[in-house]
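First up is the structure itself, then whatever we jot down about it.
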Amino acid sequence: MNILSVNDPAFAKYGQIVKNVDFTGLVEAMKATPVPEGVVYEPSVKELEALPVMQVLTDVFYGEMPIQIGYCNGHNSRLNALEYHRSSEINVMATDAILMLGLRQDVEADYTYDTSKVEAFLVPAGTAVEIYATTLHYAPCGVDGKGFQVTIVLPKGTNYPLSTPHVRAEGTATDREDCLITATNKWLIGHAGGGLDAGSFLGLKGKNLDLEQD
């Protein structure tokens, strides 16, 4: 799979590099977070939210909307699923990482999506990117089999368990977008080979992309 630089013009439809916030302290603090063999996601980490950048992001980037700062760390090379939110997400790279991205506009009427349309971008350590609400994304990938540490900034409450579980047809297509909701402010389209929880909507068509093989 061809991996583009985040500075490539092709990235502009998925997001932008965040240049008006100093993430130095956050990147340094992320070095103390664990890097498991699998992938771990923590939506809200008090040590990260205690940093000055928390207030700066709240005021400058999210327009005083309540936010949370967490991380996604580990080892990964596969696509497995794609998700989207009703809001932008900021990713701050404490290590080099690769993002596999798609466009929500390319999701079919039955909420399936062809993985051949996914593009991959290398984002260097120390770089922060805004991922637009219209961008399909999921867990980052490491570079050359190495682990990754990526800060995840989202509106407060995102990715927490639902208060009312949504009924979805397991592994089948649907014409109801709410059947994709798997957590607060999270719509997910999974791949049959992605090892997702039972009941996840499996709408990704084509290969479960693997950066170490494709």
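Odds and ends about this structure:
- The set of residues in the range 91-103 being buried (at least 22 other Cβ atoms within 10 Å of the Cβ) and touching a helix residue (DSSP H, G or I) at 6+ places or on another chain (Cβ under 7 Å) consists of VAL92, ALA94, GLY102.
- Looking only at the range 43-54, and only at residues there that are of a type outside the set (A, V, I, L, M, F, W, C) and in contact with a helix residue (DSSP H, G or I) (Cβ under 9 Å, 6 or more places away or on another chain), the one that is nearest to PHE148 (Cα to Cα): GLU47
- Going through (1) touching a residue at least 60 places away in the same chain (Cβ under 8 Å); (2) of a type outside the set (A, V, I, L, M, F, W, C); (3) buried (at least 17 other Cβ atoms within 10 Å of the Cβ) one by one, ASP114 falls short only on (3).
- Scanning the range 19-37 for residues that are open to solvent by less than 40 Å² (accessible area, probe 1.4 Å) and either at pLDDT below 95 or within 16 Å of THR95 (Cα to Cα) (or both) gives PHE23, LEU26, VAL27, ALA29, MET30, THR33.
- Residues of the range 134-156 classified as open to solvent by 30 Å² or more (accessible area, probe 1.4 Å) and more than 23 Å from LYS31 (Cβ to Cβ), total: 3
- Residues located in the range 55-73, provided they are assigned to a loop (DSSP other than H, G, I, E, B) and either within 30 Å of GLY145 (Cβ to Cβ) or among the acidic types (Asp, Glu) (or both): GLU64
- Any chance LEU122 is in a strand (DSSP E or B), buried (at least 22 other Cβ atoms within 10 Å of the Cβ) and either among the aliphatic types (A, V, I, L, M) or at positive phi (or both): no
- Test: residue in the range 3-18 that is open to solvent by less than 50 Å² (accessible area, probe 1.4 Å), within 15 Å of ILE152 (Cβ to Cβ), out of contact with any Gly (no Cβ under 8 Å at 6 or more places or on another chain) and not aliphatic (A, V, I, L, M): yes
- Only one entry of GLU83, GLU64 meets the criterion of being within 25 Å of LEU196 (Cα to Cα) and either within 17 Å of the chain's Cα centre (by Cα) or open to solvent by 40 Å² or more (accessible area, probe 1.4 Å) (or both), and that entry is GLU83.
- Residues in the range 89-107 that are among the acidic types (Asp, Glu), free of Cβ contacts under 8 Å to residues at least 60 places away in the same chain and not in a helix (DSSP H, G or I): ASP96 only.
- Residue in the range 69-79 that is among the β-branched types (Val, Ile, Thr) and open to solvent by 30 Å² or more (accessible area, probe 1.4 Å) present: no
- Flag for GLU64 being without any contact (Cβ under 8 Å) to a residue 12 or more places away in the chain and under 23 Å from ASN185 (Cβ atoms): yes
- Residues (modelled with pLDDT of 70 or more and in a loop (DSSP other than H, G, I, E, B)) located in the range 149-181: LYS156, GLY157, THR158, ASN159, TYR160, PRO161, LEU162, SER163, THR164, ARG176
The values are calculated or read from the model by the stated rules, or taken from the named source; none is laboratory data. Source: prediction; values computed, not measured. So basically every Cβ, Gly included, is an ideal-geometry build from the backbone, and we count neighbours across all protein chains shown. Just the protein is used for accessible areas: all its heavy atoms, side chains included, with ligands, DNA and RNA removed. Shrake-Rupley method; radii C 1.70, N 1.55, O 1.52, S 1.80 Å.
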